[in-house]
Structures are given as C-alpha cells and as structure tokens.
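A.B. asks: One structure, pasted below without further comment.
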Amino acid sequence: MLNFIIRRVAVAIPTLIILLVASFWLMQTAPGGPFTSERPLPAQVLANIEAKYGLDQPVYKQLWDYVVGIVTQFDFGPSYKYKDRSVNDIIAQGFPVTLTYGIISFLVAIIIGGALGISAAIRQNSWLDYFAVGVTIGAQVLPNFVMAPILILVFTLWLGWLPGGGWNGGQWQHIIMPVIALSTSYMASIARLTRSSMLEVLRSNFIRTARAKGLPDNVIIWRHALKPSLLPVISYLGPAFVGMVTGSFIIDAIFGTGGIGYFYVNSAFNRDYAVMMGLTILLGSMTILFNMVVDILYAWIDPKIRL
Amino acid sequence: MNDRLAQPFQQPKTREIAERMAEDVKGRSLWADARRRFVANRAAMVSVVVLTLIVLFSLFGQAISEYDIETIDWDVLGNVATAGKPSISNGHYFGFDENGRDLYNRVVQGSRISLAVGVIGALVAVIVGTIYGATAGFIGGRVDSIMMRLVDIFMSIPYMFVLILLLVVAGRSITMIFVGIGLTAWLDMSRIVRGQTLSIKNREFVEAAIAIGVPTWRIIIRHIVPNLLGVVVVYATLLVPQMILTESFISFLGLGVQEPFTSWGALLSEGTKTMNYGTLWHLAFPLFFFVVTIFCFFFIGDGLRDALDPKDR
C-alpha cells in the first residue's frame with residue numbers, strides 16, 4: 001500500500017510542476033506586456049508599475065515568488081486588468097456557486113445513475129434494461145452545451161416554469177436546470193458503469209453460493225451484490241470533478257450563474273493573463289490532487305489494483 | 001428456384017456439389033469475417049449511409065446554393081424572425097442567421113470544419129499514439145516505463161485549461177485548435193496500443209523476425225503495427241466524435257473558430273443566444289447535424305468493435 005502511495009505521489013508531483021511551469025511560460029510568451037495599451041505610458045510610470053508587481057525581476061525569480069506566495073499565503077496574485085480585484089477575490093465569489101450546483105449534480109448523477117444501472121442489470125434484457133441503455137446512448141450525444149439550450153427552450157420559453165438564468169443566491173428554481181444539464185452525461189456514464197459491474201458481480205461465485213444457500217433475491221442484491229458493484233463509481237469521482245469544473249464554463253455561460261467558469265472564460269476574452277494563470281494553476285492542481293486522493297482511496301478499498 | 005422445386009427427384013450434378021464444397025472450404029480471412037459481421041449490423045450500416053450523406057453535404061453542399069457565408073442581406077437584417085424564415089423558393093433553404101447571412105451555407109461550412117477537426121485530430125492521434133505505444137511496448141524494460149510514466153503525467157494534466165490558455169496566448173485560430181487537441185488525443189491511444197503490443201511481441205512470427213536479424217523499427221512497422229490495426233480502427237472511430245465534442249465545446253465558448261468561419265459549436269452558440277427571438281431554426285439545423293453525426297460515429301464504432309473484437313469469436 002505504502003509503495004502504491006509513493007508511486008502515485010511520484011506521478012502527481014512532476015505533473016504539478018509541469019502545470020505550473022507551462023502556465024507561467026505561456027503567460028510570459030503572450031504578446032504584449034500586461035500594461036501595454038493603445039496610449040503608451042511614460043517609461044518612468046511603466047517602470048514603476050512593473051516594479052510594484054515585481055515584473056522587473058528575472059523570470060525564474062518571478063516564478064519562485066509566485067510559488068512561495070501560493071504555498072505560504074494561498075495568494076494567487078493580482079489581476080492586471082482590474083486593480084481592485086485579485087484571483088483570491090474571484091475564487092471567493094465564484095467557487096461557492098460552482099461548488100453548490102456541482103455537488104448537487106454529482107449527488108443526482110450518482111443516485112439516479114446508480115439506481116438506473118443496478119435495476120437495469122437485475123432485470124437484464126427487460127424493457128427497463130433497454131430503456132437504461134437507450135438513455136445512456138442518448139446522453140452521450142447530448143453534451144451539456146446541447147442540453148442546456150434545450151432545457152431553457154422547453155422549461156423557460158415554452159412552459160414558463162423556471163427562470164432562464166441567474167443565480168439569485170441559490171434559490172432552488174435557479175439550481176434545477178444547471179443541475180440537469182451538468183449531471184445528465186455523468187448520470188449516463190455512472191449508469192453504464194454500475195450496470196456492467198453489477199452484471200459481472202451477479203455472475204460471480206459468491207453470489208452463486210448465496211443463491212445456493214437459498215437467500216431471497218432482495219437480500220442477495222442489497223447485502224452482497226450492491227457494495228462490490230458500486231466500487232467502480234469511486235474511480236469515476238476524479239473525472240467527474242474535472243467535468244464539474246469544465247462544465248461550469250458552459251453552465252455559467254448559458255445560465256449566467258456566475259460561478260468560477262464565468263470568470264475563467266471572461267478572463268480569457270479580456271486577455272487577463274494573470275487571472276487565467278491563477279485559476280488554471282488553482283483548478284488544475286485541485287484536479288491533480290483530487291485524482292490522486294481518489295486513486296489512493298480506491299486502491300485502499302480494492303487491493304487488486306495496487307499492482 | 002421454381003424449376004428446382006418442380007423436379008424434386010433430379011440428382012444434383014456432381015460438379016455443382018464439388019464447386020459448392022470448394023466454396024465452403026475456402027477460408028475466410030479476419031477482415032472478410034469482420035466485414036460480414038459489420039454488414040449484418042443494421043444500425044451500423046444505416047449510420048454509414050447517413051454519415052456518407054453528411055460528408056457529401058459538407059463537401060459539396062454549397063454547389064446547390066447561389067449564396068455564400070458572409071454576404072449580408074440588408075433587407076433581412078434586424079427583421080430576421082419574420083423575413084428570414086427558411087424557404088425553398090428563395091434559395092435560403094435554412095433561412096438567415098442573426099446577422100442576415102445565409103444559414104444554409106454557414107451550416108455546410110461549419111460541418112466541414114467540425115468534421116475536419118474530428119477526422120484530422122483522430123488521424124494524428126492514431127499515427128502518434130500507435131508509433132509511441134508500439135515502440136514502448138516492443139522495446140520494453142526501462143524505456144517502456146519511462147515512456148509510459150510520461151504518458152501518465154501528461155494524462156493527469158487537466159488539458160481543457162491548458163488548451164484554453166494556449167488558445168488565448170497564441171491567438172484563437174483553427175490551427176491552434178488542431179495543435180491543442182492533437183497534443184492530448186494520442187495519450188489514450190498509446191496506452192491501448194502498448195497493451196496490445198505486449199501481447200503480440202512474444203508470438204512466433206516476431207521471434208522469427210528477430211532471429212533472422214530484422215531491425216527493430218522494421219519489425220514494429222511491418223509486423224507489430226498491422227496486427228494492431230483492428231484495435232486502432234475501433235478506437236479511432238470512437239475518437240472522432242470526442243474530437244468533435246471538444247472542438248464544439250471550445251467554439252461554443254467563442255474561443256475556437258473565428259468569424260466569418262464557423263463550426264457546429266459556434267452555430268449552436270449563436271442559436272442559443274437568439275432562441276427567444278422566435279428564430280428556432282438557428283438552433284435546430286446545426287443541432288440536427290451535430291447530434292446525427294455523433295450518433296452515427298458511436299454506432300459505427302460499436303459495430304466495428306463487435307465485428308473486430310477477437311473475444312467474441
């Protein structure tokens with residue numbers, strides 16, 4: 001186990017370093033300095049501003065200061081475009097929103113997807129099974145940027161049941177559509193995963209033994225088959241987290257919910273490189289660490305994959 | 001057939017029997033067998049036909065229209081919801097877009113870019129991934145573990161961020177999308193190919209090639225790669241819709257293909273923005289082509305997997 005953890009960490013650390021250096025390097029090579037504008041500043045003013053932000057230092061020094069700032073003070077640097085706003089402010093403002101609809105979507109995906117997959121496997125080749133398989137295929141071709149407009153079209157424009165966007169402090173009417181749009185493809189993947197793992201578990205020896213003992217079907221399923229067939233879902237937590245964050249680019253763009261994705265895409269349009277880099281490093285390293293934790297967790301639960 | 005039934009007692013000719021036997025005995029190659037299975041798969045065959053039509057539409061669609069992608073009809077502009085409806089009679093088959101341009105030609109051109117990104121992206125992934133994976137798997141040992149550790153590291157970088165960062169820094173263009181997508185798409189492929197190579201490299205025909213002194217790269221190209229083809233073809237087919245989805249995601253955000261050119265993602269984004277003005281065809285036409293194409297690729301990939309998977313045999 002310790003061996004596995006060490007090996008997993010040994011992959012995560014260079015990944016973090018590559019992410020850090022690559023984003024920093026990309027920002028350095030970006031055309032034009034952060035304070036170039038149509039009306040050039042006097043050289044003395046520009047030098048003063050650059051000194052304030054530490055841009056007159058050599059590049060490796062800048063990178064080092066940046067890393068030290070993150071590690072010691074959790075400071076991801078200022079925005080060069082908006083003087084009154086730092087990356088930390090953006091995180092504080094956008095992250096709770098993304099986390100709210102992200103976690104709800106994830107729970108919905110696991111509960112509905114898991115239930116669908118398991119019941120489909122128990123009644124293999126019934127109408128329920130075909131329905132579940134149909135849903136998973138359908139959801140694959142409807143990514144969130146296709147789901148979201150269709151939802152708005154139906155529930156806001158035609159039926160008028162739900163507001164077409166906004167966040168409004170997280171009122172439930174504003175959460176429903178983002179959650180459906182974000183969770184559908186994950187629900188489908190989880191349903192497919194649990195269906196195939198449940199089918200495999202149901203054919204295994206210990207289930208046959210349980211049948212031979214004469215246990216009733218529902219005891220077999222609830223007590224013996226459920227736990228091992230939900231195992232693969234844990235390995236899906238990592239990709240689902242990534243999907244939640246990248247999905248928020250689309251959700252925030254369509255529903256105007258004001259999560260972290262809104263700020264990311266906006267800074268991409270404004271060429272606010274400092275914010276982009278800060279968010280890339282923050283979200284990227286969270287993804288890497290989250291994936292690592294999930295992998296270790298999974299190896300701890302299921303010793304077979306420690307090899 | 002009826003003649004035969006009318007004379008039930010006539011002995012079949014010896015020569016005919018011999019011919020039929022010869023036919024039965026003739027072995028079926030792996031590919032002939034796969035083709036037979038694939039043709040029997042109705043969903044996959046329908047998908048091939050539909051996809052062919054969509055490709056033809058994207059390549060030659062503009063031939064039946066007298067308009068182009070950027071000319072603005074000033075009479076329609078600002079009044080698209082009523083004056084810009086799709087109509088066969090005036091030649092604007094899909095109507096006008098929000099800026100008074102002919103939507104039919106824009107959908108044709110968008111389909112072309114989206115399909116090109118999908119196919120070229122998958123092709124790059126296939127070439128790079130196959131060579132990388134086959135080399136790592138065949139050489140083995142330390143080279144293998146270094147090469148695959150590298151793949152592990154690249155795979156755990158959240159590439160959507162890096163892709164967007166790259167597009168913003170290097171300027172938004174379709175070339176940059178190709179580069180960005182190509183950078184990551186080959187990783188999965190190389191893993192799959194490596195696994196397959198490991199199972200092939202200890203077979204007798206490879207040993208024989210080593211014994212007579214064929215150089216390593218030649219063994220990889222001539223003996224390993226052809227035997228990987230089945231897996232690669234299946235995976236490549238499933239890779240195309242993924243590439244299309246990625247490009248659409250980026251273009252939907254407005255960070256991908258730039259005006260006057262367009263792609264499915266950009267068209268969908270425009271359709272979404274204008275749907276509450278009563279111009280639903282802006283959304284409907286690109287959506288139709290997008291969804292149908294992705295569906296087709298999935299069904300074809302599924303059919304190919306069923307046809308080529310040796311586990312089923």
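The values are calculated or read from the model by the stated rules, or taken from the named source; none is laboratory data. As the structure is a prediction and not an experimental result, all values here were calculated from the model. Neighbour counts are summed over all protein chains in view; Cβ atoms, including those assigned to glycine, are modelled from backbone coordinates with ideal geometry.
A.B. asks: What's the number of the only condition in (1) farther than 29 Å from residue A:268 by Cα; (2) more than 14 Å from chain A (Cβ to nearest Cβ); (3) of a type outside the set (Val, Ile, Thr); (4) touching a Gly at 6+ places or on another chain (Cβ under 6 Å) that residue B:81 fails to meet?
C.D. replies: (2)
A.B. asks: Here is a follow-up. Go over the candidates B:47, B:89, B:58, B:65 one by one and state the one that is among the polar types (S, T, N, Q) and out of contact with any helix residue (DSSP H, G or I) (no Cβ under 7 Å at 6 or more places or on another chain).
C.D. replies: B:89
A.B. asks: Follow-up. Within the range A:262-278, track down each residue that is at the interface with another protein chain (Cβ under 10 Å from one of its Cβ atoms), modelled with pLDDT under 85 and either surrounded by 20 or more Cβ atoms within 10 Å (Cβ to Cβ) or in contact with a Gly (Cβ under 6 Å, 6 or more places away or on another chain) (or both).
C.D. replies: A:267, A:268, A:272, A:273, A:276, A:277 - these are the residues of the range A:262-278 that are at the interface with another protein chain (Cβ under 10 Å from one of its Cβ atoms), modelled with pLDDT under 85 and either surrounded by 20 or more Cβ atoms within 10 Å (Cβ to Cβ) or in contact with a Gly (Cβ under 6 Å, 6 or more places away or on another chain) (or both).
A.B. asks: Here's another thing I want to ask about it. Taking the options B:304, B:238, B:308, B:283, name whichever one is out of contact with any Asp or Glu (no Cβ under 7 Å at 6 or more places or on another chain), surrounded by fewer than 23 Cβ atoms within 10 Å (Cβ to Cβ) and closer than 18 Å to residue B:110 by Cβ.
C.D. replies: B:283
A.B. asks: Just checking, does the range B:284-301 include any residue being part of a helix (DSSP H, G or I), farther than 16 Å from residue B:54 by Cβ and not small (Gly, Ala, Ser)?
C.D. replies: Among the residues of the range B:284-301, not one is part of a helix (DSSP H, G or I), farther than 16 Å from residue B:54 by Cβ and not small (Gly, Ala, Ser), which makes the answer no.
A.B. asks: Go through the range B:148-166 residue by residue and tally those that are touching a residue at least 60 places away in the same chain (Cβ under 8 Å) and more than 8 Å from every other protein chain (Cβ to nearest Cβ).
C.D. replies: Number satisfying all stated conditions: 1.
A.B. asks: When you check residue A:185 against the structure, is it without any contact (Cβ under 8 Å) to a residue 24 or more places away in the chain, out of contact with any His (no Cβ under 6 Å at 6 or more places or on another chain) and surrounded by 19 or more Cβ atoms within 10 Å (Cβ to Cβ), yes or no?
C.D. replies: no
A.B. asks: Which of the residues that make up the range A:204-245 are surrounded by fewer than 17 Cβ atoms within 10 Å (Cβ to Cβ) and in a loop (DSSP other than H, G, I, E, B)?
C.D. replies: Once the filter is applied, which keeps residues that are surrounded by fewer than 17 Cβ atoms within 10 Å (Cβ to Cβ) and in a loop (DSSP other than H, G, I, E, B), the range A:204-245 yields A:204, A:214, A:215, A:216.
A.B. asks: For residues that are within 18 Å of the chain's Cα centre (by Cα) and more than 12 Å from chain A (Cβ to nearest Cβ), tally how many sit in the range B:257-288.
C.D. replies: Residues meeting the conditions: 1.
A.B. asks: Here is a check on your reading of the model: is residue B:254 facing chain A (nearest Cβ under 10 Å) and surrounded by 22 or more Cβ atoms within 10 Å (Cβ to Cβ)?
C.D. replies: No: the conditions fail for residue B:254.
A.B. asks: Condition first: buried (at least 18 other Cβ atoms within 10 Å of the Cβ) and modelled with pLDDT under 80. Now tell me which residues in the range B:62-95 satisfy that.
C.D. replies: B:67, B:69, B:76, B:80, B:84, B:92, B:93, B:95
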